[in-house]
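**Student:** Got a structure here, written out as structure tokens. Questions coming.
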Amino acid sequence: MNDISGKIAVVTGGAGGIGKALTKALLAEGAKVVVGDVEEPVLDACVKELSDSGAEVSGRVTDVSDKASVDALADYVYDTHGDCHLLFNNAGVAAPSANVWETTPNDWTWVHGVNVMGVIHGIHAFVPRMISSGHEGHVINTSSGDGGISPLPYQSVYASSKAAVSTLTECLDAQLQMEKTNLRASIFYPSGGMLDTGIWTTARNRPAGLEREVDAGPIPTIEQFKEAANAAGMTLEFQDLDELAKHALAGVRNKQFVIMYGHAETEATLKDRAERIGKGELPFDLATLPMM
């Protein structure tokens, strides 16, 4: 998809963080954007801010873990715009770091409900209609290097959800091509450095009924993490989210399946993991892993 101008785009989790950066980048290239987000006040503020600048953007409160909610988003998009060309399944949440045996059932239900089922609901709600239109289109699923490439051991809940997103996107793109559709799919790995996004305070959106069964204790904010790193003499490199979003759109235009910074470093990481797996070993190099 070389020209994004005039295209209809949908971004879930699009009112903040990476999602908002994607929304702004799409609008800057002339797309019409529908933002789906579970946080209504944040969504309203985002749409107002961007609309006031003259952009054609609208929003719908959307819980991606709820099939009916995503179906309603798709109905709104097609009733309003009659089409969808770019689908960004971007919404995501995370659970506290913990040993696998100290995670809780609700950790898995909530995180996989949003991160995995949210992507599946987006595909089910939009892709059949996108195929039927016959128009060129692209599905971009946000994964994470933590899971899709090299998981962090203490992030088993989040990492396994993102590994699932990577695998299902690989299957999706292969199927779209084998079925001779005009759609393609990509995995988007936010990368380039640390990311200052709402994932650090993701518990704010954890629904009633899926509370953690065991108190995990205080979860550090990004500011606390920065302070701890500075105290340890570490310098953290942060990736600018707007530049990351522009990079994502460049990947769409170039029909890249894997969209990320640092392909060469990733190749080296995957080769090392593959060699360990080939020897029947644990893929982790425990000596280089950070403690929880």
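**Student:** Can you pull out every residue in the stretch 232-288 that is without any contact (Cβ under 8 Å) to a residue 24 or more places away in the chain and touching a Leu at 6+ places or on another chain (Cβ under 9 Å)?
**Tutor:** Arg276
**Student:** If you don't mind, another one. What residue, among those in the stretch 24-58 that are under 27 Å from Leu183 (Cβ atoms) and in contact (Cβ under 8 Å) with a residue 60 or more places away in the chain, is surrounded by the fewest Cβ atoms within 10 Å (Cβ to Cβ)?
**Tutor:** Glu29
**Student:** Kindly establish whether Ser65 is out of contact with any strand residue (DSSP E or B) (no Cβ under 7 Å at 6 or more places or on another chain), among the polar types (S, T, N, Q) and surrounded by fewer than 21 Cβ atoms within 10 Å (Cβ to Cβ).
**Tutor:** No; evaluated as a whole, the condition is false for this residue.
**Student:** Return the total of residues in the stretch 100-125 being buried (at least 23 other Cβ atoms within 10 Å of the Cβ) and either touching a strand residue (DSSP E or B) at 6+ places or on another chain (Cβ under 7 Å) or hydrophobic (A, V, I, L, M, F, W, C) (or both).
**Tutor:** 7
**Student:** Same structure again: Give the residue, chosen from Ala164, Ala159, Ala203, Ala125, that is among the small types (Gly, Ala, Ser), in contact with a Pro (Cβ under 7 Å, 6 or more places away or on another chain), farther than 21 Å from Asn254 by Cα and touching a residue at least 12 places away in the same chain (Cβ under 8 Å).
**Tutor:** Step by step, each of Ala164, Ala159, Ala203, Ala125 is checked, and only Ala159 is among the small types (Gly, Ala, Ser), in contact with a Pro (Cβ under 7 Å, 6 or more places away or on another chain), farther than 21 Å from Asn254 by Cα and touching a residue at least 12 places away in the same chain (Cβ under 8 Å).
**Student:** Has the stretch 146-160 got any residue that is touching an Asp or Glu at 6+ places or on another chain (Cβ under 9 Å), of a type outside the set (Ser, Thr, Tyr) and within 21 Å of Leu26 (Cα to Cα)?
**Tutor:** No; the residues of the stretch 146-160 include none that is touching an Asp or Glu at 6+ places or on another chain (Cβ under 9 Å), of a type outside the set (Ser, Thr, Tyr) and within 21 Å of Leu26 (Cα to Cα).
**Student:** Let me ask something additional. Mind checking which strands (runs of 3 or more DSSP E) fall wholly inside the stretch 6-116 and carry at least 1 residues that are modelled with pLDDT of 95 or more, within 21 Å of the chain's Cα centre (by Cα) and polar (S, T, N, Q)?
**Tutor:** Here the list reads 8-12, 57-61, 86-89.
**Student:** Kindly state which helices (runs of 4 or more DSSP H) lie completely within the stretch 174-292 and contain at least 3 residues that are at pLDDT 90 or above and among the small types (Gly, Ala, Ser).
**Tutor:** 241-253, 263-278
**Student:** Taking the stretch 163-193 on its own, how many of its residues are loosely packed, with under 15 Cβ neighbours inside 10 Å and in contact with a strand residue (DSSP E or B) (Cβ under 6 Å, 6 or more places away or on another chain)?
**Tutor:** Residues in the stretch 163-193 being loosely packed, with under 15 Cβ neighbours inside 10 Å and in contact with a strand residue (DSSP E or B) (Cβ under 6 Å, 6 or more places away or on another chain): 1 in total.
**Student:** Against the condition touching a helix residue (DSSP H, G or I) at 6+ places or on another chain (Cβ under 8 Å), surrounded by 13 or more Cβ atoms within 10 Å (Cβ to Cβ) and either of a type in the set (S, T, N, Q) or touching a residue at least 12 places away in the same chain (Cβ under 8 Å) (or both), how does Asp196 come out, does it pass?
**Tutor:** Spelling it out, Asp196 is indeed touching a helix residue (DSSP H, G or I) at 6+ places or on another chain (Cβ under 8 Å), surrounded by 13 or more Cβ atoms within 10 Å (Cβ to Cβ) and either of a type in the set (S, T, N, Q) or touching a residue at least 12 places away in the same chain (Cβ under 8 Å) (or both).
**Student:** Look through the stretch 128-158, keep the residues that are assigned to a strand (DSSP E or B) and of a type outside the set (S, T, N, Q), and return whichever of them is nearest to the chain's Cα centre (by Cα).
**Tutor:** Ile140
The values are calculated or read from the model by the stated rules, or taken from the named source; none is laboratory data. Everything quoted here is computed from the prediction, not taken from an experiment. All Cβ positions, even for glycine, are placed from backbone atoms using ideal geometry, and neighbour counts span all protein chains on display.
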